[in-house]
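Taking it in order: structure first as structure tokens, then the write-up.
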Amino acid sequence: MKIRLNNHDQKLVDGVRSVIKDAYESANFSPSVARSIASYATKYRNRGREQAKRRYPFKGICERSGLPLKKEDAHLDELDSEKGYAGKLQWVCPKANNSGRRSCGKC
């Protein structure tokens, strides 16, 4: 699913893509540069995640299927990509979150 951006934000993204491409192509160790950039971006993407977990505590079920789910298997999923952790959330199993093979048994 493509994230919708307004014109201002799209111009920001285009500028960053250009800089990332230039950095990757001129790097001595391109994979390391790409990984560092991704790590830095993920740090900003996950801002507010811990507050969201406190605001929306785990209820013991996979909210996609309604089946019981162990806390260690629970993933907090953002339902609104544009708002991230400030938007609607749900607790799901790794398989429902497209991040693993383990499932609640229905997903």
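The values are calculated or read from the model by the stated rules, or taken from the named source; none is laboratory data. Bear in mind the structure is a predicted one, so any value in this text is a computation, not a measurement. Every residue, glycine among them, receives a Cβ derived from its backbone with ideal geometry; neighbour counts consider all protein chains shown.
Residues are listed down the side, and each one gets a yes or a no for (1) in contact with a Pro (Cβ under 9 Å, 6 or more places away or on another chain); (2) outside any helix (DSSP H, G or I):
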{"site": "31", "(1), (2)": "no, no"}
{"site": "35", "(1), (2)": "no, no"}
{"site": "38", "(1), (2)": "no, no"}
{"site": "52", "(1), (2)": "no, no"}
{"site": "63", "(1), (2)": "no, yes"}
{"site": "96", "(1), (2)": "no, yes"}
{"site": "100", "(1), (2)": "yes, yes"}
{"site": "103", "(1), (2)": "yes, yes"}
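Search the stretch 93-107 for residues that are farther than 13 Å from residue 77 by Cα and pair each with any residue that is at pLDDT 85 or above and small (Gly, Ala, Ser) when their beta-carbon atoms are under 8 Å apart and the residues are at least 6 apart or on different chains. Partner pairs satisfying both residue conditions: 103/96; 104/65; 104/96; 105/65; 106/65; 106/66; 107/65; 107/96. When each of 37, 3, 61 is tested for being at negative phi, surrounded by 12 or more Cβ atoms within 10 Å (Cβ to Cβ) and not assigned by TED's automatic domain parsing to the domain that holds residue 96, the lone residue that passes is 37. Screening residue 16 with (1) surrounded by 10 or more Cβ atoms within 10 Å (Cβ to Cβ); (2) at pLDDT below 95 gives one miss only, at (2). Against the criterion of being surrounded by 12 or more Cβ atoms within 10 Å (Cβ to Cβ) and either closer than 21 Å to residue 4 by Cβ or in contact (Cβ under 8 Å) with a residue 60 or more places away in the chain (or both), residue 48 qualifies. The set of residues from the stretch 72-91 being more than 16 Å from residue 55 (Cα to Cα) and at pLDDT 90 or above comprises 72, 73.
Please enumerate the residues belonging to the stretch 65-94 that are assigned to a loop (DSSP other than H, G, I, E, B) and of a type in the set (A, V, I, L, M).
Hits for the stretch 65-94 are 67, 69, 74, 79.
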